[in-house]
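Here is the structure we will look at, set down as structure tokens.
Just so it is clear, none of the values below were taken in a lab; they were calculated from the coordinates. Bear in mind that the values here come from a model prediction, so they are computed numbers and not experimental data. Positions of Cβ are generated from backbone atoms using ideal geometry, with glycine treated the same way; all protein chains shown enter the neighbour counts.
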Amino acid sequence: MNLILLGPPGAGKGTQAKRLEQSHGLIQLATGDMLRAAVASGSDLGRRVKAIMESGALVSDDIIIEMIAARIAEPDCSEGFILDGFPRTVPQAEALDLMLEEQGRKLDYVILMEVDEPALIERLSGRFTCRNCGASYHDRYHRPKTEGVCDSCGSTDLVHRADDRPEALATRFAAYRNQTAPILPYYRDRGILRRVDGMASMDEVTRQIEAVLAGKADAR
């Protein structure tokens, strides 16, 4: 099963991808992580990527596709993969399809996690974490038992992420819409786009995704 998960920052793609890894043996492939891994590997591809990144230039679509092709050929991707962060344009989507066809593979579904942006911004902007242990809290839904003190480790170093501020989130959501909107018709026309309610509980989103994978969700 080969999937693409689409959704804005904070929609829960990472959580759902981890559940799919556990339940179906799929491997989550985030392009940023793959770029860093390629550089760390010291391979020929990694050296090329490193030179491009150090020059300040953008890594080309051709190299991204080459990197994905190499990664999905590894044994741990034998059951399938979940792409996160790629493709973002129709030419990238077309290049991905061509590469998969050459490998005798194809995308099964592109799953769009739909959200209510104002509600999600409110949810995300209240998040804060313990800088010491990484425990997560929320201004409204999950405050520490003792104000200003981490329940897990006792640290008082609790911080809000700068990119979780409402104005920063609005900018990130706008960028997501601009990047994602062009590829939705492409996958809809291919009949593999499916939509789930990203505002539902984690378990309900998982249930909806499982219905997609079982072929029980209609295209729309």
Please give me the summed charge of the neighbours of residue 163: other residues whose Cβ is under 14 Å from its Cβ, Lys and Arg +1, Asp and Glu -1. +2
Stretchable slack from residue 51 to residue 167, in nm (0.36 nm times residue separation minus alpha-carbon distance): 38.4 nm
Across the stretch 26-35, in residue order, what do the Karplus-derived ³J(HN,Hα) couplings come to in whole Hz, using 6.51 cos²θ - 1.76 cosθ + 1.60 with θ = phi - 60° and x for Gly and Pro? 7, 10, 6, 10, 9, 4, x, 5, 5, 4
Report relative contact order for the stretch 1-76 in percent, whole number only (criteria: Cα-Cα under 8 Å, sequence separation at least 6). 19 percent
If one takes the longest principal axis of the Cα atoms in the chain, at what angle in degrees, from 0 to 90 and to the nearest 10, does the Cα axis of helix 202-213 lie? 10 degrees
Would you compute, from DSSP H runs of 4+ residues alone, the mean residue ellipticity of the chain at 222 nm, taking -39500 (n - 2.57) per run and dividing by the full residue count, rounded to the nearest 500? -14500 deg cm²/dmol
Free-standing Cys, the chain [no other Cys Cβ under 4.7 Å]: 77
Within 10 Å of each candidate Cβ there may be at most 13 other Cβ atoms; applying that plus a DSSP loop requirement, which GluC sites (Glu not before Pro) in the stretch 99-158 survive? 147
With +1 on each Lys and Arg Cβ and -1 on each Asp and Glu Cβ, and nothing else charged, work out how big the dipole of the chain is about its Cα centre, in Debye to the nearest 20. 340 debye
Give the calculated FRET efficiency between residue 156 and residue 15 to the nearest 0.05, with a Förster radius of 30 Å applied to their Cβ-Cβ distance. 0.60
Under Karplus coefficients 6.51, -1.76 and 1.60, residue-wise ³J(HN,Hα) of the stretch 57-73 in Hz, glycine/proline x: 7, 7, 5, 5, 4, 4, 6, 4, 4, 4, 5, 5, 4, 5, 5, 6, 7
Starting at the first residue of the stretch 162-173, write each ³J(HN,Hα) from the Karplus equation 6.51 cos²θ - 1.76 cosθ + 1.60 with θ = phi - 60°, in whole Hz, x for Gly and Pro. 4, 7, 9, 5, x, 5, 5, 5, 4, 5, 5, 5
Out of 91, 107, 118, whose Cα points farthest toward the positive end of the dipole of the stretch 77-139 (charges: +1 Lys, Arg; -1 Asp, Glu; placed on Cβ)? 118
Test of the criteria: in the stretch 58-97, which GluC sites (Glu not before Pro) are in a DSSP loop and have at most 13 other Cβ atoms within 10 angstrom of their Cβ? 79
Under 5 Å from the placed amide H of residue 128, counting only residues 5+ away or on other chains, we find 137, 138, 139
The chain: Rg/Rh from Cα coordinates, Kirkwood Rh? 0.99
